[in-house]
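Everything on this sheet refers to the single structure shown next.
The values are calculated or read from the model by the stated rules, or taken from the named source; none is laboratory data. Predicted model only: the values in this text are computed from it and were never measured. Every residue, glycine among them, receives a Cβ derived from its backbone with ideal geometry; neighbour counts consider all protein chains shown.
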Amino acid sequence: MTTLLVRNATLVATFDEHGRELSDAGLFIRDGIIEQVAPSAELPDAADEILDLSGHALLPGLINTHHHFYQTLTRAVPAAQDANLFDWLTTLYPIWARLQPEDIRISTQTALAELALSGCTTASDHLYLFPNGSRLDDEIEAARQVGLRLHASRGSMSVGESQGGLPPDSVVESEEIILADSLRLIESYHQAQHGAMTQIVLAPCSPFSVSQDLMRETAALARQHGLHLHTHLAETQDEEQYTLEHFGKRPVALMESLDWIGDDVWFAHSVHVNHDEIQQYAASGCGVAHCPSSNMRLASGIAPIAEMLTAGVKVGLGVDGSASNDSSHMLAEARQAMLLARLDAGQRGASLSSDQAPPLMSARQALELATRGGAAVLGRQDIGSLEVGKCADFFAVDLNRLEYAGALHDPLAAIVFCAPLRADYTVVAGNFVVKEGMLTSLDLPVHIEQHNRVARRLLQPA
């Protein structure tokens, strides 16, 4: 039995259902589970370890609902800098085809280090190509060293260029191999219990890279084992045109025909969905991983997040691939989500009177997407807020910084409105992943050197 006492935080933002915000407060944690959330004067006096957070804001750990860790190796590639999604993919696929198992491990740790330093405690990654003997195991094993919770998606691509798909044939797999490996991973790694550190997700890449049979069989396999399902959907107008030409359906209708609508499914992006499709998401319980930075970077459009939230759709945030962001900073993503939603509201309300104009997304709403929203999308009831019985996942930021000077009238809002900074502490299950601004598990200078060496190799002409 180990205990951790966190006390004297200037602000504790619980993000519980009442939105409680406590001054001069903290947490008492036993074996990675929160036992108390209270003003410091009401907490115990002793514990195995005591963390004094005077001058800090304390928040639930942020939850990243969509990422591609391996893409940290191909950030800002010149030929892909100014491309839309389909051109961006066709430029990068040949580079990604050179990935080795060690590359998966290194890029995983790079992405998770960035996430942890930005206050993230749970990340969902979508790995959908496995060249040169790479396996999802490489990612899972690398993640355990860093210490974040991981929803590891066994992605897949089965329809290559020769069959009318987008990816080159060199990075697609047979459906038999995909399904067999999915079952192996479920049996080897999936944890269903409260506080699970590793969960497996089944995640065919997209409607333009897998067959309809594989989509149906993957859904059946996931439901047989109680897993969640994930894929990209309605990211661009090109995708909508593709599904109409090849299947005679819009992307959401295609998913419905393939048994891919339900409360165990979440889609990345959903930029190009209409009112009826949003209502369908809400009624069925489908979730959405909103990736504002990536959607802006690739000129994909603005997802109708305000309408989704009004309809009751589960929405979380995702940093998306680090070759389409090109960052893994969750606080920056929350800020971007707020700013993009405000831009969208301004455009929609341009011809309306001030009393009819859409409301602006608040800083607290953006943080709620990154916490409670992400937990709902991933189907987790044990994370996303600071409450008794939930996992002790949190991060803290020192408010005595130049970037917050003059902004402490509302320190919680300042964390979103002001320049996104690194977390001073990130704790997962009561264990320090970031302590005093430093990662506890990686020697970053050595790791960065290794990472850059791999990136240079990948970008060398074949």
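For the reader, a short list of remarks on this structure follows.
- Residue list for the stretch 63-121, filter: polar (S, T, N, Q), under 23 Å from Pro204 (Cα atoms) and surrounded by fewer than 18 Cβ atoms within 10 Å (Cβ to Cβ): Asn84, Thr90, Thr91, Gln100
- Scanning the stretch 418-462 for residues that are outside any helix (DSSP H, G or I), under 27 Å from Asp103 (Cβ atoms) and without any contact (Cβ under 8 Å) to a residue 12 or more places away in the chain yields Met438, Asp443, Gln460, Pro461.
- Among the residues making up the stretch 330-345, those that are surrounded by fewer than 24 Cβ atoms within 10 Å (Cβ to Cβ) and within 17 Å of the chain's Cα centre (by Cα) are Ala332, Arg335, Met338.
- Subset of the stretch 32-86 (residues that are in contact with a Ser or Thr (Cβ under 7 Å, 6 or more places away or on another chain), among the small types (Gly, Ala, Ser) and more than 27 Å from Asn431 (Cα to Cα)): Ala79, Ala80, Ala83
- Candidates Arg223, Arg154, Arg144, Arg184: the one that is among the basic types (Lys, Arg) and outside any helix (DSSP H, G or I) is Arg154.
- Subset of the stretch 174-191 [of a type in the set (Val, Ile, Thr) and either surrounded by 16 or more Cβ atoms within 10 Å (Cβ to Cβ) or in contact with a Leu (Cβ under 9 Å, 6 or more places away or on another chain) (or both)]: Ile178, Ile186
- Some residue of the stretch 289-309 being assigned by TED's automatic domain parsing to the domain that holds Asp87, in a loop (DSSP other than H, G, I, E, B), under 15 Å from Leu369 (Cα atoms) and over 18 Å from the mean Cα position of the chain (by Cα): yes
- The lone exception for Ile415 - which of (1) surrounded by 21 or more Cβ atoms within 10 Å (Cβ to Cβ); (2) outside any helix (DSSP H, G or I) it fails: (2)
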